[in-house]
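Nothing in this text is a laboratory measurement; each read-out follows from the coordinates by a stated rule. Keep in mind that this is a model prediction, so the values were computed, not measured. In this analysis, Cβ positions are derived from the backbone assuming ideal geometry, glycine residues included, and neighbour counts consider all displayed protein chains.
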Amino acid sequence: MEEEVSSSILSNEKGKKVILLGNEAIVRGALEAGIGFASTYPGTPASEVGDTFSAIAKKVGIYFEYSTNEKVALEVAMGSSFSGVRSLVSMKQFGVNVAADSLMPLAYVGPNAGMVIMVADDPGCWSSAQSEQDTRYYARMSHIPMLEPSDPQECKDFVKIAFDLSEKFKIPFFVRTTTRVSHERGIVQLDNLTIGKTKGFFQKDMSKFNIMPPNTMRLHKEMLDKIEKIRQISEKMSFVFNGNVKSKLGIIVSGVSFNYVMESLIDLNIRLPVLKLSLTYPVPEEKIKDFIKKFNSVLVVEELEPILEEEILALAKNVSPKLKVYGKKNDYLPKVGEYDEEIVITALTRITGRELGISLKKYLKKFKEIKIPRRFAVLCAGCPHRATFWATKIAAGKNTIFGGDIGCYILGIYPPYHTQDFVFSMGASEGIVHGIEKVTDQKVIAFIGDSTFFHGGMPGLVNIVFNKSKPLIIVMDNRITGMTGHQPNPGVGRTGMGEKTKEIKIEKIVKAFGIKHVKVVDPFNVNKMIKIIRKFLQKDEVSVIVAKRECRLLTMRRKLRADEKIYKYEIDQNKCKRCGTCLFYFACPAIYEKGGIFNIDKNLCTGCGVCTQVCPYKAIRKVKK
Amino acid sequence: MKEFNIVIAGVGGQGVITLMRIIAEAALNQGYDVKTSELHGLAQRGGPISCHVRFGDKIYSPLVMQGEAHIIFALEPLEALRTSYYGSKENKTIFFVNNYPIIPLSVPVTKEIYPPIIEINEILKDFSSKVISLNVSEIVRKEGGNIVLTNIFMLGYVVGNNLIPLEKEFVIEAIKETVPKKYLGSNIQIFDLGYNLKIPSR
């Protein structure tokens with residue numbers, strides 16, 4: 001992990017005010033609640049929860065692991081809670097899709113010790129590419145209660161509440177954040193740390209763990225009863241702000257949007273009653289009914305899907321049939337993208353006629369007229385993926401279909417690489433290229449990372465062997481889970497506790513699947529990579545290249561720490577023909593052009609030397625000294 | 001004080017988040033409520049980064065609203081443009097731009113145009129009451145510092161010239177809390193250089 005953890009996370013000064021990242025506050029809450037076991041599969045915006053546990057687990061004497069995927073991470077946490085040790089599992093929103101198969105029966109059975117499932121949604125897709133999934137639907141589908149903190153203080157407090165309620169009602173709890181809560185820093189007032197139980201005992205109990213009909217239906221009924229009891233608590237966890245204000249309009253809000261609403265009221269200089277929901281599944285029906293009865297209209301502010309809005313509309317039918325509900329369904333608020341104060345102000349201005357003293361539109365119009373060159377995220381200088389993409393494009397040609405997957409190599413979607421013709425979900429590259437290969441005569445290559453291979457790539461590859469297609473699979477093995485901040489995976493030989501473990505070799509796995517054509521190639525050896533790709537593309541059955549080379553950021557960090565010499569490269573201006581291949585087509589961020597002259601920025605060059613093999617005129621050389 | 005809103009813009013690796021953390025800790029030390037917002041993951045790989053810090057008596061939102069920034073630190077001129085809509089004449093926004101361009105790959109690869117610095121500063125005037133444009137990275141390099149300390153110099157400069165309502169002692173304390181011990185000396189030294197450089201009068 002590369003993020004620095006706030007040192008105050010382990011402070012035992014009760015009442016002390018410290019600044020914590022939302023995700024750190026989640027961990028702090030778990031530590032105050034006496035957690036004994038934590039697990040995750042890294043995924044931004046939830047990554048720092050696992051990374052913080054990884055940094056402190058040994059010190060505080062609890063167990064933490066990076067599991068192979070979110071389903072496994074959920075299951076190991078279940079095992080702990082079934083055995084009486086409090087557990088927390090964290091994941092990004094898409095992780096819940098992976099874990100869903102075990103999630104559904106979990107609410108029927110329930111844990112013995114408190115169990116919290118922390119999930120981070122990402123409205124606006126700041127760190128997730130594929131969809132603006134709203135995980136709140138999972139709470140409703142699985143009947144797992146959900147708490148939604150709106151800032152770091154609530155992150156800490158709600159995790160503690162979730163543990164206690166989970167243990168009391170024997171049902172797991174979701175704590176759901178969004179990017180702006182997970183990646184917000186704010187002041188958190190600390191309570192004492194609690195030394196939690198780390199050793200438990202699994203008590204066999206067939207009345208609980210036997211989920212076979214008719215038991216399943218009995219457990220289903222018991223679970224629904226629990227939800228109704230928890231609804232009583234939800235009633236007490238909702239608060240009305242500006243409750244004494246006389247108004248025809250009220251606002252109902254949850255999560256980070258609460259902050260935008262409060263700021264909007266200040267900036268528009270109006271006071272309106274605001275009902276803030278915290279335990280958002282099950283919703284506090286009585287509290288909502290009491291609130292909406294007082295108004296002619298309410299504005300419902302929630303990011304993504306109109307979930308609360310629909311539930312409020314249904315409640316209004318009985319108690320306040322004439323109530324006008326402003327929200328997404330009548331386009332007062334957008335269904336797409338994340339919210340901010342501007343969006344809330346726009347809606348409030350439309351409803352109340354109140355305006356800001358400043359014309360945002362005028363400025364926005366001016367801003368939109370500015371031509372700003374795009375700055376897309378790029379593969380780092382010396383990234384082995386760039387070398388692999390370069391070799392693949394030369395060897396395979398542009399008519400080959402490139403299946404993409406999830407990891408740093410997703411950046412291959414951008415020019416000049418264009419080596420990700422589609423990207424869907426963890427491990428999906430293999431299934432999709434198999435399907436394409438079955439119904440077309442096109443050549444197909446799937447790119448998949450090492451962590452992604454362990455996470456969800458193995459079933460797809462087994463299927464390729466089983467059902468006989470012949471794609472080339474290139475495993476981009478950079479010896480780490482890169483994009484999410486350098487977490488270890490099963491191929492690395494180190495656990496989340498920092499202990500040594502077996503290093504599972506991908507080449508051995510794929511050979512065991514019965515694949516004959518398997519080669520481990522160093523991406524920095526461009527010619528060899530080109531040769532092997534060409535050879536394997538001619539094969540009449542599936543082939544696998546493990547493109548193995550450590551993430552350059554890790555290499556550089558290690559070299560710096562060891563005071564090892566880092567060689568730099570330069571362009572011999574006498575040999576350079578100014579063709580621009582190194583910059584326009586290889587696109588290393590350390591290479592730049594000024595007035596038609598190409599050069600290498602010594603501060604950025606990491607000394608990989610791949611550009612010497614890319615230059616058609618052999619004009620790039622190692623700097624002597 | 002009701003609120004003070006800061007946007008810090010730059011490119012991944014320029015120390016945007018570190019600067020944000022120091023300001024937040026300083027605000028806490030001085031007794032303010034404080035909220036910040038940052039982004040991780042996909043955006044970090046050489047992409048544009050912008051962080052927000054807000055402090056004051058009571059702060060709800062971690063995000064600065066359009067037009068409401070009091071100061072915008074741009075560690076790279078293009079990123080000043082990209083965040084210019086956080087500034088406005090009404091809120092007397094100050095842009096502090098490190099005049100040290102990092103050319104994005106879209107310029108050579110897809111032939112997009114990097115506007116001249118003079119033009120950038122002209123545009124920023126429409127969104128502010130003052131634009132301070134200095135090649136801070138070059139100053140830091142000339143003083144023998146590593147250019148990753150550009151952020152610290154800029155912080156020293158705004159504190160020294162009273163462009164931010166934070167006292168020096170609280171900021172120094174925050175630097176001590178945030179920066180690894182090994183680099184503390186060089187950070188303080190560069191901070192002081194910025195602190196003592198006065199805005200040229202004209």
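Laid out as a table, the results:
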| quantity | calculated |
| --- | --- |
| For A:Ile252, distant residues with modelled amide H under 5 Å away | A:Leu275, A:Leu299, A:Val300, A:Val301 |
| Cleavage-rule hits, trypsin sites (Lys or Arg not before Pro), the range B:1-69, DSSP coil, Cβ neighbours within 10 Å at most 10 | B:Lys2, B:Lys58 |
| Net charge contributed by nearby residues that have their C-beta within less than 10 Å of A:Phe584 (K/R +1, D/E -1) | 0 |
| Neighbour-count order for A:Thr419, A:Thr52, A:Thr400, fewest beta carbons within 10 angstrom listed first | A:Thr400, A:Thr419, A:Thr52 |
| Estimated FRET transfer efficiency when R0 is 45 angstrom, pair B:Glu90-A:Asp563 (beta carbons, to 0.05) | 0.25 |
| Whole-angstrom gap from the range B:138-202 to the range B:1-54, using each part's C-alpha centre | 16 |
| Residue order, fewest to most beta carbons within 10 Å, for A:Tyr339, B:Tyr195 | B:Tyr195, A:Tyr339 |
| Number of partner chain Cβ atoms within 10 Å, mean per residue of A:263-269 | 3 |
| Charge dipole magnitude, Cβ of K and R +1, D and E -1 - the range A:279-436, Cα centre, debye nearest 20 | 860 |
| Cβ-based charge dipole, chain A, positive-most Cα from A:Ser359, A:Gly43, A:Met115 | A:Gly43 |
| Residue among B:Val109, B:Ile72, B:Gly47 farthest towards the positive dipole end of chain B, charges placed on Cβ | B:Val109 |
| Peptide B:100-111, shielding by other chains (average Cβ, 10 Å cutoff) | 6 |
| Proximal aspartates and glutamates relative to A:Lys398, as straight alpha-carbon distance under 18 Å, when same-chain residues fewer than 8 apart are discounted | A:Asp421, A:Glu437, A:Asp441 |
| Net charge dipole size for the protein assembly as shown [Lys, Arg +1 and Asp, Glu -1 on Cβ; Debye, nearest 20] | 2020 |
| Under 12 Å, Cβ to Cβ, from A:Gly457 - net charge with Lys/Arg +1 and Asp/Glu -1 | -4 |
| Helix-only CD estimate at 222 nm, as mean residue ellipticity for the protein assembly as shown, using -39500 (n - 2.57) per DSSP H run (n ≥ 4) | -11000 deg cm²/dmol |
| Per-residue mean of C-beta atoms belonging to partner chains within 10 Å, peptide A:376-385 | 4 |
| Relative packing of A:213-225, A:133-145, B:160-172, which averages over residues the other C-beta atoms within 10 Å, highest first | A:133-145, B:160-172, A:213-225 |
| Rounded to 5, the percent of DSSP beta bridges in the protein assembly as shown classed as antiparallel | 35 |
| The range A:208-272 and the range B:75-99: distance between their alpha carbon centers, rounded to Å | 40 |
| Sorted by Cβ neighbour density within 10 Å, fewest at the top, the residues B:Glu122, A:Glu499 | A:Glu499, B:Glu122 |
| Dipole of the protein assembly as shown, positive direction: furthest Cα of A:Met104, A:Ser207, A:Asn69, with charges on the beta-carbon | A:Asn69 |
| Calculated from backbone phi, Karplus (6.51, -1.76, 1.60) coupling profile of the range B:71-88 in Hz, x at Gly/Pro | 9, 10, 8, 10, 7, 8, x, 4, 6, 5, 4, 5, 10, 4, 6, 6, x, 7 |
| Low-density loop cleavage sites - trypsin sites (Lys or Arg not before Pro) in the range A:1-49, where at most 12 other Cβ are within 10 Å (DSSP) | A:Lys14, A:Lys16 |
| Residue pairs, from the table A:Lys58/A:Lys568; A:Lys528/A:Lys565; B:Lys130/B:Lys182, whose Cα atoms sit over 30 Å apart | A:Lys58/A:Lys568; B:Lys130/B:Lys182 |
| 24 Å Cα-Cα threshold exceeded, pairs from A:Lys294/A:Lys361; A:Lys335/B:Lys58; A:Lys393/B:Lys111 | A:Lys294/A:Lys361; A:Lys335/B:Lys58 |
| Taking the range A:384-552 and dividing mean pair separation by its residue count, relative contact order in percent (alpha carbons under 8 Å, at least six apart) | 25 |
| DSSP-defined beta bridges in the range A:384-552 - what % are antiparallel, rounded to 5 | 10 |
